Amino acid sequence: MHIHQFDAVVVGAGGAGMMAALYASRGARTAVISKLYPTRSHTGTAQGGIGASLGNLEEDRWEWHAFDTVKGGDYLSDQNAAKVLAQEAIEAVIELEWMGLPFDRNDDGTISQRRFGGHTNNETKKPVRRACHSADRTGHMILQTLYQNCIKENVNFFDEFHAVDLIMNGDRPAGVVAVSIDTGELHIFHAKAITFATGGWGRMWSTTSNAHTLTGDGPAMFWRNGLPLQDMEFFQFHPTGLYPLGVLITEGVRGEGGVLINDRGERFMERYAPTIKDLASRDVVSRAIYLEVREKRGIKGKEYVYMDVRPETVNRYLAEAGESRRIDADYVRAKLPDIMDFCKIYAGVDPVESPIPIAPTAHYAMGGIPTNIHAQVIRDGKETVIPGLYAAGEVACVSVHGANRLGTNSLTDLIVFGRKAGQQMADYCRHADFVPLPDNPAGAIEAELERIRSSKGKQRPYDIRKKLRSEMMDKVGVFRQEDMMAEALETIRQLKEDYRNDLAVDDQGRRFNTDLLEAWELGCLLDIAEVTAACALERKESRGAHSREDYPKRDDVNYLAHTMVYPEGDGLRIAYDRPVDLSLGHEPKERVY
Amino acid sequence: MEVKLRIRRFNPEKDQKPYWGEYTLTDVEPTDSVLELLNRVKWEQDGTLTLRRSCAHGVCGSDAMRINGRNRLACTTLLQAIDASKVIQIEPILGLKVIKDLVTDFEAFFEHYRSVMPYFVPATPVPSNGRERYQSQADRARFDDTTKCILCACCTTSCPSFWASGQYVGPAAIVNAHRFIFDSRDGATNQRLNILAEPDGVWRCRTIFNCTPACPREIEVTRAIGEVKLAIQQGAR
Ligand SMILES: Cc1cc2nc3c(=O)[nH]c(=O)nc-3n(C[C@H](O)[C@H](O)[C@H](O)COP(=O)(O)OP(=O)(O)OC[C@H]3O[C@@H](n4cnc5c(N)ncnc54)[C@H](O)[C@@H]3O)c2cc1C
Ligand code: FES
C-alpha cells in the first residue's frame, strides 16, 4: 500500500478537473488523479461551443443567458446558480483566450460566436449568437489548452490511476483510494480537500454519445459512502446522434442553418416549436423526433430522421425566413470539419451532398453530486456543507441545468465551477488540518476488488452491462411510464444480484487489468441505474428531460423541488427537500419555443 | 460475415515473450470498426485482452495501434476500409515499450511533448479592457492544422528515425511546438526553435514521410516539421 499526502486532490482531469487543479495549485499542494491520460477525457469530444454573452456579433446580455438557462431547465435550475454561470461565463471565456485557446475569429479579430438551441434575445425571442467556438472542436481546444497550462504550471498528475473509493472518517472526507492501473497496486491519497470531477454516465444507455469510460464512478463512490445524490432522473437525450451508432452531431449544425426533415420531406419542428423551430431546446426536439418516428414518419419507416445541412436546403429556409445570410459547401466544411469526417467514416454520408441520418442519443447527466454555488458538496436539503469536499463539472448538480441542459452550458459550467472548486480548495487548505485516515482505509475496497478479480460465476460483465443498457434505453429513456420503469427497476435489482453472485472475470492478474476495472465500473453503473430508475418512478410529472406519458404535465405544486435521494440500509429514500432557488424572479411559466 | 484476427499478445506477469493470439468472430458487419471487434473479443471470448480506448470515435487518441502493418486508430478504422479478407493483424505501435498486449508505455512520448514548451507564452500583457486578445482570421488560420493533434502517437511511432533513437523528440512533439511557434499571439518562438535546433530536435527528421499518412487527424505533419526547420534556418521570427 502506498500512501501519499497532498493538501488537495482532484479526481478527474477533464475540463472541470483541470480547471480546479490549476486554481488549487496556486495555493495548495495539489494532485490530480485520472483513470485516463488527461487529454483522453471526454471534454475533448465537445463540439459546438461554450456559451457566454460576449455580444461580439449582436446585442446580448448575461441576464438573457441566465433566463434561457432557467427556461431550458424547465424551471428546475437554481436561479442563483444560473446567475453565477451567466455572469462569470464572460470572464471565464476571456480567461480561456488569455490561456491561449485558439477560438475562431470574427472579421474584427474578436471571438466568433454562433447560434445554439434555446439561446435567444429575450426581447425579440429570436436566436442569438452566444456559442463561442473553435470550428466543431471546441472541447478539444479547451482540454488541450487546460492541459498545456497545467504543464506550464507544473501540476502533479497521477495518470492512469483509477479512483475506487472516497475515504470518509465519520462525516469528514480524508482522502481517496486509487488503483495504479499499470501495477495494479492500491494507493491512498490523504488530503485536506478533495474535488470530484469524474464526468457523466451515458454508458448506462445503449445508444450514447459518451465514451466507454463514462460509467458514473464518482456518484457511485459517494453513494456507497452514504452520501445523497440529486436530480438523478434528469438525463438528457441529445436529439442528433448519428444513426445508428449514437456519435454526437453537434447542435452547431442546426446553429449554422441545418434543419430536421421527416420521411415526407417536412421540416417538422415548425409544428413543435413555431418560433425557433429546429433550435428549440433538446428535450423538445428529442421528443419531436420520437413522435415523428412513432407516427411512422421516420425515414423509410425506421427509427431515424434526417438532418439536412446541404447548402441549397439551408439557403432556401434562410430566404424563407427573410434572412440575408447564405452559405456554401466550403463554409460548411470550414465550420464543421469533424462532423464531415464522422459522417463520412461512420455513415458513408457527405453532409454537403446528402442529409445525415440521426436519432436521439443519451448524452448528459443533469443530476449528480449535490453542490452549492461555491462547488461545495452538500449532504441534505438544508444546504449542510461537507467541509473539504467539492464537486464540479458534469458529475456535480449545482443545479444550473435543472431538468434539461442548454447546449454550450456544460463547457461553461466546467470552467466557472471548476475554477470555484479550485479557489475554494486553496482557501480551505490554508486553514484546515488533515482529517486523520481511519483504520485500514482501503480494506473494504480491497476486498471488493479481490472478490471481482477471483469471481468464477457464469455471467460476463459484458452480458450484464448489455442487459442493463438496453433495459434503461427501452424503459427509462426519452418517454417513460410507471409500469415500464417498475419493470426496469426490478431487472436492475436482479442484475445487481447477478453481479454479486454470478460474475465471471477472466483476468486474475494485477498489471493493467482492465477486465477487473471494467467490471468494477459496471458495479457503479448498476448502483446509479437503480437510483436513476427509482427517482424517475417517483417523480410523477413531466419536466424537461423527464417525460412521463402517464403524467404529461409539469406539476409545480408538488414537484417544483430538487429530488434528493439518500442511501438507507440496502435501499434508498427519496425526498423533495431541496427547494429550487427562484431569486432572479423568473416564476415558472409554460415553455414555448 | 466472419473475420479472423491475429493479435499480438503479451502479459508481463506470465509471458517471457510476445506471441500471436488468433480469434474468429462471426456476425461481423463491414461497417464495424476494429475497436468493436477487439471489444467483442475481450467481452465475448477472452477478458484478458488488454487495450486502451475511450471515446470510440477518433477524438481522444487512446487506441493507436498497428493494423495490417499501418498505424491507425482502431475506432476510426472500419472493416470496409481495410483488407479483411484473410486475417486482420493487430499489434501495438512500435518504438514504445509494451506494457501488456496492445498497451504501450506513453511516459517517454509525453516527456518529449513536455520538452518543447507546449503551452502559450503570451507576447503581450492581457488587454487592459479585460477582453480577448484580437487575432485576425488569417493569423488564426496559420496554425489551425496543428491544433488538431490528439497526442495518439500514430505519427511518432511510425517514424523510422524515432525507432532508431527514442531520444528524438518525434513528429508529435514538433507538431505541438508548431502550434505555438506560428500563433501570432505567442512570444516564446525563439526558445522553442532553440530547443528544436538541438541534435535530438527537428534535424533527426529525414523527411521519410511516414508520419503524414499515419495521422488520423489528417494533419500535414511533414509539412509542419518542414516549416519549423525553415524557421530555424531563417532565424527568429
Ligand atoms: C460528443 C459530445 C459533445 C459535446 N458538446 C458540447 C458542447 O459543444 N458544449 C457544451 O457545453 N457541452 C458539450 N458536451 C458536454 C460536455 O462536453 C461534458 O459535459 C463535459 O466535457 C464534461 O466534463 P467533465 O470535466 O465534467 O468530465 P470529463 O471531461 O468527462 O472528464 C472526466 C474525468 O474524470 C476521470 N475519471 C472518471 N472516473 C474516474 C475514476 N474512477 N478515477 C479516476 N479518474 C476518473 C476521467 O479520466 C476524466 O479525466 C458534449 C458532450 C459530448 C459527449
Ligand atoms: S477510442 Fe478515442 S480515439 Fe479511438
Inter-site label distance for A:R325 and A:R500 at 7 Å from Cα along Cβ, in nm: 5.6
Distance (nanometres) between label positions extended 7 Å along Cα→Cβ at A:D107 and B:R70: 4.3
Principal-axis tilt of helix A:15-25 within chain A, Cα atoms, nearest 10 degrees: 50
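Efficiency by 1/(1 + (r/R0)^6): what FRET value for A:A486 and A:E58, r their Cβ-Cβ distance, R0 = 45 Å, to the nearest 0.05?
For R0 = 45 Å, the calculated efficiency reads 0.40.
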Total lysine pairs under 16 Å (Cα atoms) in the range B:3-104, excluding pairs fewer than 8 apart on one chain: 6
From phi via Karplus (6.51, -1.76, 1.60), per-residue ³J(HN,Hα) for the range B:91-102 in Hz, x at Gly/Pro: 9, x, 4, 8, x, 10, 4, 7, 8, 7, 6, 8
Gyration tensor over alpha-carbon atoms, the range A:16-164, equivalent ellipsoid semi-axes in Å: 30, 18, 14
Rounded tilt (10° steps) of A:482-501 against the dominant C-alpha axis of chain A: 40
Helix A:409-431 axis, angle to chain A major axis (alpha carbon atoms, nearest 10°): 30
Orphan Cys of chain B, criterion: no other Cys C-beta under 4.7 Å: B:C75, B:C149, B:C152, B:C154, B:C159, B:C205, B:C215
Lysines whose Cα lies under 22 Å from that of A:K300, excluding same-chain neighbours fewer than 8 positions away: A:K344
Helix-only mean residue ellipticity at 222 nm for the protein assembly as shown, each DSSP H run of n ≥ 4 adding -39500 (n - 2.57), per residue, nearest 500: -10000 deg cm²/dmol
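Give, in whole angstrom and from largest to smallest, the semi-axes √(5λ) of the equivalent ellipsoid of the range B:107-234, with λ running over the eigenvalues of the Cα gyration tensor.
26, 15, 13
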Gyration tensor verdict on the range A:94-177 (Cα atoms; rounded if a/c is under 1.5, prolate if a/b is larger than b/c, oblate otherwise): oblate
Amide N proximity, the range A:195-238 versus A:Q459 label position 7 Å along Cα-to-Cβ, cut-off under 17 Å: A:204-206
Binned Cα-Cα distances of the protein assembly as shown, short to long, each 10 Å bin given as a whole percent: 3, 14, 24, 28, 21, 9, 1, 0
Cα gyration tensor, the range A:200-242 - rounded (a/c under 1.5), prolate or oblate: oblate
Cα-based radius of gyration of the range B:3-104 once divided by 2.2 N^0.38 Å, which approximates compact folds: 0.99
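If eta is 1.567 mPa s and T is 4 °C, what Stokes-Einstein diffusion coefficient results for chain B, Kirkwood Rh from Cα pairs, in µm²/s?
67
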Spin-label pair B:R223/B:N190, simplified geometry with 7 Å Cα→Cβ offset, distance in nm: 3.0
Relative contact order for the range B:107-234, counting Cα pairs under 8 Å that sit 6 or more residues apart, in percent: 32
Pairwise FRET efficiency - B:Q45 versus B:T124, Cβ, R0 = 60 Å, nearest 0.05: 0.55
Taking the range B:3-104 and dividing mean pair separation by its residue count, relative contact order in percent (alpha carbons under 8 Å, at least six apart): 35
Candidates B:K86, B:K100, B:K14: whichever shows maximal mean-square fluctuation once chain B is modelled as a Gaussian network with Cα springs under 10 Å: B:K14
Translational diffusion of the range A:123-214, µm² s⁻¹ [Kirkwood Rh, Cα pairs; Stokes-Einstein; 20 °C; 1.002 mPa s]: 125
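Quick check: convex hull of the Cα atoms in the range A:208-297, volume per residue, rounded to a whole Å³?
Convex hull of Cα atoms, per residue: 126 Å³.
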Residues A:E153 and B:D105, FRET efficiency given R0 of 22 Å [Cβ-Cβ distance, rounded to 0.05]: 0.30
Translational D in µm²/s for the range A:429-527 (Stokes-Einstein at 4 °C, 1.567 mPa s, Kirkwood Rh from C-alpha pairs): 83
Radius of gyration and maximum dimension Dmax of the range A:348-442, Cα, Å: 19.0, 65
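At a threshold of 8 angstrom on Cα-Cα distance, excluding pairs fewer than six apart, so keeping six or more, what relative contact order does chain A reach in percent?
22
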Dipole in debye (nearest 20) - chain A, about Cα centre, beta carbon charges: Lys, Arg +1; Asp, Glu -1: 600
The range A:274-297 versus the range A:370-426: alpha-carbon centroid distance in Å: 30
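Every number here is computed from the coordinates shown, using simple stated rules; none is lab data. Here the structure is a predicted model, which is why all the values come from computation and not from measurement. Cβ sites come from the backbone with ideal geometry, for glycine too, and all protein chains shown count toward neighbours.
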